[in-house]
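Reviewing the structure listed below.
The values are calculated or read from the model by the stated rules, or taken from the named source; none is laboratory data. Just so it is clear, the model here is predicted, and its values are computed rather than measured. Here the Cβ is made from the backbone with ideal geometry for all residues, glycine too, and neighbour counts use every protein chain on show. For accessibility, only protein heavy atoms count, side chains too; no ligands or nucleic acids. Shrake-Rupley method; radii C 1.70, N 1.55, O 1.52, S 1.80 Å.
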Amino acid sequence: MSGPLASLKVLDFSTLLPGPFASLMLADMGAEVLRIESPTRMDLLRVLPPHDQGTSASHAYLNRNKRSLALDLKKNEALEIVRELVKDYDIVLEQFRPGVMERLGLGYEALKAINPRLIYVSITGYGQTGPYKDRAGHDINYLALAGVASHTGRRDSGPLPLGVQLADVAGGSLHAVVGLLAAVIARQHSGVGQSLDVSMTDCSFSLNAMAGAGYLACGVEPDRETHVLNGGSFYDYYRSRDGRWMSVGSLEPAFMQPLCEALGRPELAAQSLKPEHQKALKLALQVEFEKRSFAELRALFAGVDACVEPVLSLSEAVEHPQLKARELVSQVPRGDGSTQAQIACPLKFSKGLPAPRHIGAAVGAHSDEVLAELGMSAQRIAELRQARVVG
């Protein structure tokens, strides 16, 4: 089985999370992804704990199904190899600060001259233009500047560091994949590629879908715990007697009524649509939830269609019957005959996807293979290794 993106070839210069997560999606859908890695400068993701048999679990997951070519881009011979590869590749994905690839002679204009069909995707914190384009940042900074953190969290304790990297993945990775696939479609009609400037801050700003719309159109400034979906209503988390949590999303009356009936307080349902009653309603619901243990609440709402679900740990989520039915955990070959459990590609295609081929590879694991495909002799490859052009 080949997968829907089997016709695409991707040169991936990215490290850490945003670029690798994007190219993981492409590789899972069948694209041929070749990582260009430094043989001397270690990608932090490779040493990030926890480790499984000496390999970072995050790296093994984010770089599965990809080949690795180790090149020292400070050497002219390595740059020539990249230029040769570009002739046969559809997409370049890079995550350096603006100007780095240009200084290497690998910017969009230079590579477009070699391959006019090339789609060149740059993921950065702040974009290729603007006063912050050269500024360092991380996920928490992008969410802060994009306004997302201002209305996320609790009024008395402030913004919350999220358990997932929202700006990196939802801002960078997913927008990059959407944009590059749109560019592929456009190329089918025009015959030429284009460059794509993905700013994680820009894309995080666009995630203010409801609060941002309200501010720009109506001048309503969002704050923590002030609107329906950020803790300003009963739509929230409630603690059980034993210190676990349940999520309550019973916004519509058709869901609120069975919630209140299950808790033995049917009269509370009438308060759910009245803004002035939200604080009292939340307190009343909290009292009812704290009368019961987590197990009792799970059993109580298991058969009630009220948008009430338990807050699960990852170990519990892995074993949940819904996630198991959706086959969200996959056994991926390591290369030594054993396998590693990883999060599976969540996209379901009627024609299916190719089985995972291997976990993230060692630096330069495919260097000889890739260079041989370019027509290089074993002697020439050995010379490049001796000169430390190739790792």
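Rounded to the nearest 20 debye, the dipole size of the range 1-128 about its Cα centre is 120 debye, using +1 on the Cβ of Lys and Arg and -1 on the Cβ of Asp and Glu. Structural descriptor for the range 92-243: relative contact order 28 percent, calculated from alpha carbon pairs under 8 angstrom and at least 6 residues apart. Sorting 126-139, 152-165 by their mean Cβ neighbour count within 10 Å, with the most densely packed peptide first, gives 126-139, 152-165.
The Cα center of the range 184-208 and the Cα center of the range 88-134 differ in position by 13 Å.
Express in % the proportion of alpha carbon pairs of the range 236-321 at distances exceeding 17 Å. More than 17 Å apart: 44 percent of the Cα pairs in the range 236-321. Normalised by the number of residues in the chain, the mean separation of alpha-carbon contacts (under 8 Å, six or more apart) gives a relative contact order of 20 percent. Evaluated at q = 0.16, 0.19, 0.21 Å⁻¹, the base-10 log of the normalised Debye intensity for the range 273-388, with identical point scatterers placed on the Cα atoms, takes the values -0.98, -1.10, -1.18. Across the protein chains, with a 1.4 Å probe defining accessible surface, the residues Leu34, Leu5 rank Leu5, Leu34 from largest area downward. Accessible surface ranking for Tyr120, Tyr108, 1.4 angstrom probe, highest first: Tyr108, Tyr120. Comparing Tyr89, Pro50, Ala113 along the charge dipole axis of the range 1-155, the residue lying farthest to the positive side is Pro50, per the Cβ-charge model. Of the accessible area of the range 236-321, computed with a 1.4 Å probe over protein heavy atoms only, carbon and sulfur atoms account for 59 percent. I want the antiparallel fraction of DSSP beta bridges within the chain, as a percent rounded to 5. Antiparallel bridges make up about 45 percent of those DSSP assigns within the chain.
Taking the charge dipole of the range 236-321 about its Cα centre, with +1 at Lys and Arg Cβ atoms and -1 at Asp and Glu Cβ atoms, the residue from Pro310, Trp245, Ala280 reaching farthest to the positive side is Ala280. Here the dipole of the range 210-318 is about 240 debye; that uses its Cα centre as origin and unit charges on the Cβ of Lys and Arg (positive) and Asp and Glu (negative). Largest accessible area first, the residues Met376, Met29 order themselves as Met376, Met29 under a 1.4 Å probe with ligands, DNA and RNA left out.
Rounded to two decimals, the Cα radius of gyration of the range 316-382 over 2.2 N^0.38 Å is 1.61. Short-range pairs are left out: with C-alpha atoms under 8 Å and at least six residues apart, the relative contact order of the range 236-321 is 42 percent. Among residues other than Leu384 with Cβ under 11 Å from its Cβ, the summed charge is -1 (Lys and Arg +1, Asp and Glu -1).
GNM remark for the chain: springs join alpha carbons under 10 Å apart, and the peak mean-square fluctuation among Leu323, Leu48, Leu196 falls on Leu323. Charges were assigned to the Cβ only: +1 to each Lys and Arg, -1 to each Asp and Glu. The resulting dipole of the chain about its Cα centre is roughly 340 debye.
Globularity index of the chain is 1.17 (Cα radius of gyration / 2.2 N^0.38 Å, N = number of residues). Over the chain, accessible surface divided per residue gives 52 Å², non-protein components excluded, 1.4 Å probe.
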